[in-house]
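Working notes, structure below.
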Amino acid sequence: MIITTFSELTIDGKLSLGTGRSSKDLFAFYGPELGRWFHQQRAAHDAIMVGAGTVRADNPQLTVRNAPGKSPLRVIPLGMTSLPRESTILNDGLRTLLIVPSHHPQTYDNPETETITCGTTAVDLRELMQILSRRGIESLMVEGGSRLLHSFFRENLVDRIVIKHIPVLSGDPSAPNYLQGAKMALSEWQVDTWHCIGGVCVATYVRKRSEETAVAA
């Protein structure tokens, strides 16, 4: 499975314009061209993931709307938290997979919503990736906030990083950083592609190849 993280990032390295602000505020800097591109990326993936905090704060749809293609399977790791029953993803009739640890079972009355257990007191991301692979998921788009990103990088699960560099300053030092508290060897990553879409620069980062691999190629 190829796992790609997608994030909006301000010039000062923040995931939102301020403490407690929704990341959706950054969408105001999208043009229609970037919106279409982003939904094309969703359509190109088998599954999409955000954390429970993002669902509670933003009530997202996580569907393909501005481009042709099929909406990906929505995967939401809940941990020890729950979702509001009125959340869009629980009521729009589209496929959603909720992941809970065995010590915190939950049920949601929706025929299109499936709940599975993974991990004991917290969701085990490595085990979850194996479960998704067995279900035929070959590509996962992770749109989570700093906590979910931290978890994926901590487990060394990320294959590609896509960052939409939004040309605006947050100006709030306490706004969430790209990786909140995560230790990450930036030297392991390099720019693969860099282009501007509707005035926003979009960069894709991949892991650097070792010298031995580069010579062999």
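The values are calculated or read from the model by the stated rules, or taken from the named source; none is laboratory data. Only a predicted model underlies this, so the values are computations on that prediction, with no experimental measurement involved. When we count neighbours, we look across all protein chains shown, and the Cβ atoms used for this are built from the backbone with ideal geometry, even at glycine.
When restricted to residues that are part of a strand (DSSP E or B) and either more than 22 Å from SER16 (Cα to Cα) or among the polar types (S, T, N, Q) (or both), segment 45-92 contains 4. For segment 1-44, the set of residues classified as assigned to a strand (DSSP E or B) and surrounded by 15 or more Cβ atoms within 10 Å (Cβ to Cβ) consists of ILE3, THR4, THR5, PHE6, SER7, GLU8, LEU9, LYS14, listed by residue number. When ALA52 is tested against the conditions (1) closer than 27 Å to ILE116 by Cα; (2) touching a His at 6+ places or on another chain (Cβ under 9 Å); (3) crowded, with 18+ Cβ neighbours inside 10 Å, the lone failure is (2). When the criteria are applied in full, ASP92 fails the requirement of being over 15 Å from the mean Cα position of the chain (by Cα), closer than 19 Å to THR5 by Cβ and not polar (S, T, N, Q).
What residue, among those in segment 71-106 that are touching a residue at least 60 places away in the same chain (Cβ under 8 Å) and over 19 Å from ARG147 (Cα atoms), is surrounded by the fewest Cβ atoms within 10 Å (Cβ to Cβ)?
LEU73
Of the numbered criteria (1) of a type outside the set (Asp, Glu); (2) loosely packed, with under 15 Cβ neighbours inside 10 Å; (3) farther than 26 Å from ILE2 by Cβ, the one PRO68 fails is (3).
When ASP172 is tested against (1) part of a loop (DSSP other than H, G, I, E, B); (2) modelled with pLDDT of 95 or more; (3) in contact with a Ser or Thr (Cβ under 7 Å, 6 or more places away or on another chain), just one condition goes unmet, and that condition is (2). Assess whether THR121 counts as being at pLDDT 95 or above and of a type in the set (Ser, Thr, Tyr). Considered against the rule, which asks whether it is at pLDDT 95 or above and of a type in the set (Ser, Thr, Tyr), THR121 comes out as no. Of (1) surrounded by 13 or more Cβ atoms within 10 Å (Cβ to Cβ); (2) in contact with a Ser or Thr (Cβ under 8 Å, 6 or more places away or on another chain); (3) farther than 19 Å from LEU62 by Cβ; (4) not aromatic (Phe, Trp, Tyr), VAL162 satisfies all except one. Which? The failed condition is (3).
When residues in segment 146-159 are screened for being outside any helix (DSSP H, G or I), closer than 10 Å to ILE3 by Cβ, out of contact with any Ser or Thr (no Cβ under 6 Å at 6 or more places or on another chain) and not charged (D, E, K, R), 1 of them pass. Among the residues of segment 15-34, those that are more than 13 Å from ASN177 (Cα to Cα), free of Cβ contacts under 8 Å to residues at least 60 places away in the same chain and over 16 Å from the mean Cα position of the chain (by Cα) comprise ASP25, ALA28. When ARG134, ARG154, ARG126 are screened for being without any contact (Cβ under 8 Å) to a residue 12 or more places away in the chain, surrounded by fewer than 16 Cβ atoms within 10 Å (Cβ to Cβ) and not β-branched (Val, Ile, Thr), only ARG134 passes.
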